[in-house]
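Presented below is the structure to which this report refers.
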Amino acid sequence: MAEDPTTGEVVRRLDDIRQDLKEDIHGVVSLLGGKADAEIVRLGQEAQDERHTTLSGRVAKLEEKDQQKDTQRQNDRRLILFSLVVPVLLLAIQLYSAKQGA
């Protein structure tokens, strides 16, 4: 019976085992938490890259539309200029020829 542990020693050994198990569980949880955090960061980065790509495409489309509007404005200005200048020029030519013929 001398080799049998006392009740206090059994309790201490169980406490040590419990403490070791607790530390092991915390280690596993922290490893899993790190993996999950890395996965969340990766997914967040992918989502951010996708948003960036989408926004870049939208900005490019808006710039293209703006360029088309500028071209249309230039064409409209030319049309207005010619629609005003040509009749005045024809009127001046008619007045000149009427004066020359009279």
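Going by what's in this entry, would residue 30 be described as polar (S, T, N, Q), surrounded by 10 or more Cβ atoms within 10 Å (Cβ to Cβ) and at negative phi?
yes
I'm trying to understand the selection: among the residues of the stretch 24-52, which are charged (D, E, K, R) and at pLDDT below 90? Within the stretch 24-52, 24, 35, 37, 39, 42 qualify.
The values are calculated or read from the model by the stated rules, or taken from the named source; none is laboratory data. None of the values given here were measured: they were computed from a predicted structure. For neighbour counting, all protein chains shown are included, and Cβ atoms are generated from backbone atoms with ideal geometry for every residue, glycine included.
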